[in-house]
Structures are given as structure tokens and as C-alpha cells.
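The structure under discussion appears below in the form of C-alpha cells.
The values are calculated or read from the model by the stated rules, or taken from the named source; none is laboratory data. These numbers were taken from a predicted model, which means no experiment stands behind them. Neighbour counts are summed over all protein chains in view; Cβ atoms, including those assigned to glycine, are modelled from backbone coordinates with ideal geometry.
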Amino acid sequence: MTRDKEVPTAYYDTVFNAQGNFVQDRSAHFDLTHNTSLNPNWNQQVRLHAGHYQFNAEYPLFTSLGTLNRDESRASWLDVEYSLLYSGLKEHRILLGAQIGRGYRLSQSNFDILPSYTLRLDDRRNMLRSGFFIQDEWLFDPRWHLNWGVRMDQQTDQTGMTSPRIALIHRHNDALTLKASLSRAFRYANLYERFYQDGGVSQNPSPNLKPEQIDSRELSADYLLNPNLRLSLGAYQYYLRNLITLLPDPANASLLLFQNQEKMRAKGWESQLEAMLSGGWRLRLGFNWQYARQEGDALVNSPQHLGKLLLDGPLPWANWTLGINLQGVGERRTTKQGHAPGFVTGNVVLRQKQERGSAWSFALYNWSGKRYLDTGSSEHRQELLPSNGREWRIRWGYGF
């Protein structure tokens, strides 16, 4: 897959709306999974995943010399996962597994093309990672289900991390299901966040970043009002530590630096109503409210209110479906303590569905053409960035 994008927003001190300010990325993936039954109680799965990614970007910098700067990044990786599922213990399904992976030819480079070639970054690395996990589904009562698990991960020159999870599910009756869960998850800083720098032009490296961590508490209820109408409600609390954010460098405010932030907390609730209509059509309505704070302040680009409406279903023509959706986003705080106004936008997607052979899709995004405003990031001089107007896309695929 290849994606190309022109960037007019003058980020990283580039020239506003200049020709040649672009980013391009390409990726390729290969997955192979094999399942076998060893005996009536034991099943095994072997999964192989290989991938390659490359990124290119050019930046016409705002300098008197007319500097043209370029980024190039490359990455290849191979992961193997093995898991065993044991169902011989009454009321239990136990999953054991291990994963090992290697990232190789991981490279980042930055250099000036004009007015003369100047190398600013040439970083090349390999990386090993491994993980072990266990999970148990315990049906200790016809209406009660306990699911618990833990995973341990390790990566080259990083602290080992443990991620536990437990969920209790109660099927009160055929219409009502209740669920409560506690979990902890993490994310290692990637190589770009840790080691990228461009020779003092815009960004410094941050090799000692700590992994992000999040503790989650969730409650949810799923209620079938009638055979064609379902209501879902949920509430949550999140506690984040060491959130990785690109901010001005405390030692040199003219440069940016990825930094671990203090604790962040969020809480909220979400709701969705789903109705199955005649002719295979489906209508979904959703509304979310959240309250997120860091050191007493609202988070940047974190709206309190989100809403959506989706209508989709089959058309009279064979294998064609139509989807129409509206999305609403509430007011958001900007990096300069201002506010981006809320907005509503809509999309239409016409899609041909078939497992084999040629398939097309046609999409119109932001059909009203409303140029709503998004918040700028630390690398932008602008506080608010106008969005694109209408966009259309045509996609073709072939299934074997």
C-alpha cells in the first residue's frame, strides 16, 4: 500500500503552502496462520507475520538559503507466535502462548538536499522483542463468566512490562448482559520518538523515554429491548502515566522534544442504540461524554462530547451496499489555551461486496463541504488548521 500527501500547513518551520512539501509511506504485510488439533483437549496455532515499511518526506524550510530537507525511514520485521488452547479442565478454557520477533534494518536518516548535501542523521538499529501470555475463561455458573489473563513483554534496551486483565460477565437473562473489567496496558516508545533528530533544526532526540502505561476500569450493560432493537451503555475511568508527548525542549524552547508527561485521568460514559430495519438496513445512534484532565487542565484536542449516526444496508443491485453517516465533535482545547469550535460532518460510501473477483467502492467525505477547524500541534505555528472541503475516493480491489 502506498499513500502520498501534500502538506501545506508550514509545520516544522517549513514554507506555508509550498510545492514539494510532501510525505509518502509504503507498507507491505504477510500473514500465515496454521491451526491443528493435537487431541480432543489440545489445539495449537502457529502464526507468522512479516512486514516492511518505508517513509519519505521533504520539507522546504523557511530559511534565507532556500533549504530543502528530507527524511527517510525504513523498517522490516518478522514475528512468530505459538499458542496452545486446553479445554480438558471442566468449565475452563486455558490459553498459553509465546511470541518472539525481530526488527531488522531499522533506519532513520535526515539530510539537506539544497543548497548543498548535509547529513544530519544516520541512525541504524536492530531490535528483539518477546512476549509470554496466559488466559483462562472460567464458566463457573451458567450465567457467570470470569475471564482473566496476564502478558509479559520484553524489548531490546527496554524495561520488561507486565499487563494483567480481569473481566466478570453476567448474563442476567436472554435480554440483559452486564460486564465489569480491570486492565493494565502499555506502549513502548518507538524509535522515532527516542532517536530522531535533525541536527538542531527542529527536534532533539529523547533516548530515555519510559513506556506509556494505562490502567482501565470499565462497566457496561447490553440490553435487547426487542429482537430488532439493542441498547448499549458503558462507563469508564482511565489513568495514564508517562504519556509521550511532543513539546518544546525545556533546555532549548526553540526545539521540540518527546517527553513523558505527568499522570492523566479520564472518565466518561458512552451509549449506542442499534435498530435493525426492514430490507437488511441498520440504524445506529451513539453519544459519548468524557472528562479528561492533566494537572487540572483539559487535554489538548480532547472533546467532551462525541456523537454519531450511521445508516447502512443493501441496495437493489446485487452485492452493493450504501452507508451514510453523520459525526459530531464537541469543542476542543488548543495548544495555545484557545478553543476549536465543534462541528458536524457527513460521509457517503457506496461499496461492492464480494469475496472473490473485482470489487469497487466510491466514497464522498464531508459532503456538505464544511471547512471546520482542527487544533494545531506543537510543530505548527498556527493554533487552528482549516480542514479540507469535500473529498472523494475511488477504490478497486481484487479478491482471490
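The residues listed here are Arg47, Arg70, Arg102, Arg93; of these, the one that is of a type in the set (D, E, K, R) and within 30 Å of Thr118 (Cα to Cα) is Arg70.
What are the residues in region 209-225 that are outside any strand (DSSP E or B) and either hydrophobic (A, V, I, L, M, F, W, C) or under 30 Å from Thr67 (Cβ atoms) (or both), if any?
The answer is Leu209, and nothing else.
Kindly establish whether Arg120 is of a type in the set (Lys, Arg), under 25 Å from the mean Cα position of the chain (by Cα) and either at pLDDT 95 or above or surrounded by 15 or more Cβ atoms within 10 Å (Cβ to Cβ) (or both). Judged against the criteria, Arg120 is not a match. Scanning region 375-400 for residues that are polar (S, T, N, Q), closer than 15 Å to Gly338 by Cβ and out of contact with any Gly (no Cβ under 7 Å at 6 or more places or on another chain) gives Thr375, Ser377, Ser378.
Within region 226-242, does at least one residue satisfy the condition of being part of a strand (DSSP E or B), among the charged types (D, E, K, R) and either more than 30 Å from Leu182 (Cβ to Cβ) or modelled with pLDDT of 95 or more (or both)? The answer is yes; a qualifying residue exists. For Ser87, are the conditions met, namely being among the small types (Gly, Ala, Ser) and under 28 Å from the mean Cα position of the chain (by Cα)? So Ser87 does not fit the description; no. For the criterion of being touching a strand residue (DSSP E or B) at 6+ places or on another chain (Cβ under 6 Å), outside the structural domain of Asn17 (by TED's automatic domain parsing) and over 28 Å from Phe16 (Cα atoms), Asp297 fails. Summed over region 243-267, residues that are closer than 25 Å to Asn288 by Cβ and part of a strand (DSSP E or B) total 8. Exactly one residue among Leu168, Leu176 is aliphatic (A, V, I, L, M) and surrounded by 14 or more Cβ atoms within 10 Å (Cβ to Cβ), and that residue is Leu168.
Table: residues versus (1) outside any strand (DSSP E or B); (2) surrounded by 15 or more Cβ atoms within 10 Å (Cβ to Cβ).
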| residue | (1), (2) |
| --- | --- |
| Asp4 | no, no |
| Tyr12 | yes, yes |
| Gln19 | yes, no |
| Asp25 | no, yes |
| Asp31 | no, no |
| Ser37 | no, no |
| Gln45 | no, yes |
| Asn56 | no, yes |
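Where strands (runs of 3 or more DSSP E) sit wholly within region 279-332, none has at least 2 residues that are out of contact with any Phe, Trp or Tyr (no Cβ under 9 Å at 6 or more places or on another chain), touching a residue at least 40 places away in the same chain (Cβ under 8 Å) and among the hydroxyl-bearing types (Ser, Thr, Tyr). Against the numbered list (1) under 24 Å from Gln158 (Cβ atoms); (2) assigned by TED's automatic domain parsing to the domain that holds Glu193, Leu85 comes up short only at (1). What residue, among those in region 162-179 that are in contact (Cβ under 8 Å) with a residue 40 or more places away in the chain and not charged (D, E, K, R), is nearest to Tyr239 (Cα to Cα)? Taking the candidates together, the pick is Leu178. Against the numbered list (1) of a type in the set (A, V, I, L, M); (2) surrounded by fewer than 16 Cβ atoms within 10 Å (Cβ to Cβ); (3) modelled with pLDDT of 95 or more, Ala75 comes up short only at (2).
Results for (1) under 26 Å from the mean Cα position of the chain (by Cα); (2) within 19 Å of Phe111 (Cβ to Cβ), shown as yes or no for each residue.
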| residue | (1), (2) |
| --- | --- |
| Thr36 | no, no |
| Pro40 | no, no |
| Leu48 | yes, no |
| Gly51 | yes, no |
| Asn56 | yes, yes |
| Pro60 | no, yes |
| Ser73 | yes, yes |
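Does Thr63 meet the test of being assigned to a loop (DSSP other than H, G, I, E, B), free of Cβ contacts under 8 Å to residues at least 60 places away in the same chain and not assigned by TED's automatic domain parsing to the domain that holds Val201? The answer is yes for Thr63.
Against the conditions (1) surrounded by 14 or more Cβ atoms within 10 Å (Cβ to Cβ); (2) under 26 Å from the mean Cα position of the chain (by Cα); (3) under 26 Å from Ser183 (Cα atoms), Asn208 satisfies every one except (1).
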